[in-house]
Amino acid sequence: MTWLRALKDTARSGLTLERRRLEPLVALRGAAGLAIVVGGTLALFGPVVAVSSAFGAFQAAIAIYQRSWRPRPLLALASGCSLAFSTFIGYLAAGNLPLFLALLAVWTFAAGLAWALGPAVGVIAASNVAIMLVTITLPTSVAAAGGHAAVIAAGGAVQALLIVLFPVRRWGAQRDALADALAAEADYARRLRQDPTASFDPGPLMLARSAAAVSPRQARRRPAELHGTRGVAERIRPVLASLADPAVGVPLEGPERDRCRELLAAAGTVLDSAASAVRDGTRMRIPQDAMSALKAPDTLAILDGPPRRAAIRLAALMDDVVETARGEGTDEDPHRDRPPLHRLAPGALRRVRAGLRRRSPVLRHAIRVSAVVCAGYLLGAVLPLGHGYWAPMTSVMVMRPDFSQTYARSVARFGGTLVGVGVATAVVQTTTPGVRLSGALAVLCAFGMYLVMRTGYAAANVCNSAYVVFLLGMGGEDVGQTVPERVLLTLIGGLLAMLAYALYPAWETPRLRNRLADWLKADGRYAAAVIDHYARPSDRDSPDIRKALLAARDARIAWQEALARAIHEPVRTRGLTRAGAEAAEHALAQMGRSAMLMEAHLPEHGAIPVPAAAGLADALRKDSERAARAVRERRPLKWDRVRMALAQWEAEEHAVFSSGTTLLAEALEELTDALDEGVRR
């Protein structure tokens, strides 16, 4: 992709508004917390301290919108306390420019490394640096700085207290994650009616799995409908696929296919009803017609063999869905343990150390953002504009570890600032509000930002810019004089961020082959674990298959995220064309799907073993690892061991295993053909 095309795409992405589910009560609670803090400090300490406290409450409310399965009060407290500490330390060094620049570089570098711990931590850390640049200009002494830090922390505490006292959609994030997983299963069932070999994106299931991890205390308080439903949803997907696929299920035409379509439609209806009940916390309305279709007495007469077993299993699973969505029959499913924060520290340190490796995108982001913020601060101090912190504040807020987000947010920030500042300035100059009215308008803008935050960065930044204008007006600044300065410095900060990424990038495109190799290796291990079970049917509850499946899903999602970032990069493909990437992705998806179909019909304890399965599983493990290295090194893929293992036996005694290995061999050939073109280039 050329630079011009990349700039157009990222600009369009940054200005796009998405249709998301709004949460007005959550936004109202955050705005109410901000109003309490601003009103209280304004009455007790005056407008300057009120402005400082407003930033703490404002940032704490933003923190609870980040995707995290931790309790929301904890996020608000962590945000308020970390911002208070940053403000106090920053003020101590603010009087000495070289010392403050050194502190700013270290602080921003640490905020950049925080992205190794996840987007939620990275956003909070970046916001702390941005707001610190403003709040350190408010105090006039060390004692005053301590007071400002205290009211900032108090703002976070007030927001945390309001979350405890007035919970909105308790377990809402977990409900949404589980409901999305059930809705994805329902959509998959409907798509299988038209396309028996349709693919399934495991992302919603993985997200629901992350959301299901709770502490022992949370497990005792968790709603019954969230206890066990995810485990049922995990078992539905392979049953749906094995019923619809003509290789192991019903034929493409005939009465069996017609009945299969009826079963899939009924399953989709039940799953949609369960998703709606889980999302809203209401009692599930049982679709009687769909349940009757699933249990039609003539189904067992029409279907035979593996399709018949799949239909029986599907009806049983739909009963489980109804029971768990209604809060019944969930006692046997143990909860996934979420370790406390102190037990996460060693793992967090390992992830940060991994981010410090050479060529790590996180390390490059940390270096890039620290250099840009320091340069922007110096530039703002040199230019005769005043309020020079707006340039570095813009840079740190728009910069992300990947290209597309950085450029999209830069455009959205400037556009949102232009509109927000313009509207707010017009209001101020027309009405000339006093201190209290300015504070009220700031709270109103904050409510608007909380409400539209998830619809797009441009819309949120319109409200954010107006919020800052009214807040500064409450502090006594001449808003009319700050408007052109803010717009110009915002533009400078965004341009610095974009220029820094162009000069010191962390392109995802050259790493695509590594991501593809990781997925190939993980898929090979998953397929080998399933095939190996046919040789050892006594190990019915072996955890190896589940562990390999989760690793394959993680690798697939990592590939998809990397590919989505690479699409917008102005970088040459370097041996992996877009068509080749799509073909390779399809082949690996089919490889995982063939293993899933075999997993859906794993032999029961005491079943007759398939002796050749052990040799095929071992050959698949070795050839997958060798093929992964070949993908990284741009060499041809070879499957000699797998071909030899398949040629040494006649799999007539187990129809599902034979069909599954045939699909697996076809997927390997498709993958080889997809990557051959890149090797020849």
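Data overview
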read-out: With DNA, RNA and ligands ignored, accessible area of Lys622 (1.4 Å probe; Å², nearest 10); value: 100 Å²
read-out: Listed residues Ala440, Pro537, Ala233: farthest to the positive end of the dipole of the chain (Cβ charges); value: Ala440
read-out: Cα-centre dipole for the range 125-265 with unit charges at Cβ (Lys and Arg positive, Asp and Glu negative), debye to 20; value: 660 debye
read-out: For Glu561, solvent-accessible area (1.4 Å; no DNA, RNA or ligand), Å²; value: 100 Å²
read-out: Alpha-carbon centroid distance for the pair the range 238-312 / the range 353-382, whole angstrom; value: 54 Å
read-out: At R0 = 41 Å, FRET efficiency that the Cβ-Cβ distance of Ala301 and His586 yields, to 0.05; value: 0.65
read-out: Simple spin-label estimate for Thr140 and Arg220 in nanometres, 7 Å along Cα-Cβ; value: 5.3 nm
read-out: Computed label-point distance, nm, for sites Ile89 and Ala665 using a 7 Å Cα→Cβ extension; value: 6.2 nm
read-out: Percent accessible area from carbon and sulfur atoms, the range 375-493, protein chains only, probe 1.4 Å; value: 70 percent
read-out: Estimated 222 nm signal from helices in the chain, with DSSP H stretches of n ≥ 4 weighted -39500 (n - 2.57), rounded to 500; value: -25000 deg cm²/dmol
read-out: Cα-derived Rg over Rh, computed across the chain with Rh taken as Kirkwood radius; value: 1.02
read-out: Label-point separation, Ala43 to Arg351 (7 Å along Cα→Cβ), nm; value: 4.2 nm
read-out: Computed lengthening from Leu503 to Arg326, 0.36 nm per intervening residue step minus Cα-Cα distance; value: 58.1 nm
read-out: The chain, accessible area per residue, ligands and nucleic acids excluded (1.4 Å, Å²); value: 43 Å²
read-out: Stretchable slack from Leu378 to Ile567, in nm (0.36 nm times residue separation minus alpha-carbon distance); value: 64.6 nm
read-out: Net dipole in debye of the range 339-391 [+1 Lys, Arg Cβ; -1 Asp, Glu Cβ; about Cα centre; nearest 20]; value: 540 debye
read-out: Accessible-area value, His586, 1.4 Å probe, nucleic acids and ligands omitted, Å²; value: 90 Å²
read-out: Gyration tensor (alpha-carbon) shape descriptor, the range 44-111, a/c threshold 1.5; value: oblate
read-out: Stretch gain in nm, segment Asp676-Leu437, where the contour uses 0.36 nm per residue and the Cα spacing is subtracted; value: 79.3 nm
read-out: Values of log10 I(q)/I(0), in the order q = 0.12, 0.16, 0.28 Å⁻¹, for the range 569-642 under a Debye, Cα-only, solvent-free model; value: -0.50, -0.77, -1.35
read-out: The chain, dipole about Cα centre (Lys/Arg Cβ +1, Asp/Glu Cβ -1), debye to the nearest 20; value: 2080 debye
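The values are calculated or read from the model by the stated rules, or taken from the named source; none is laboratory data. Bear in mind that the values here come from a model prediction, so they are computed numbers and not experimental data. Virtual Cβ from ideal backbone geometry, glycine too; neighbours counted across all protein chains shown. Accessible surface areas use protein heavy atoms only, side chains included; no ligands, DNA or RNA. Shrake-Rupley method; radii C 1.70, N 1.55, O 1.52, S 1.80 Å.
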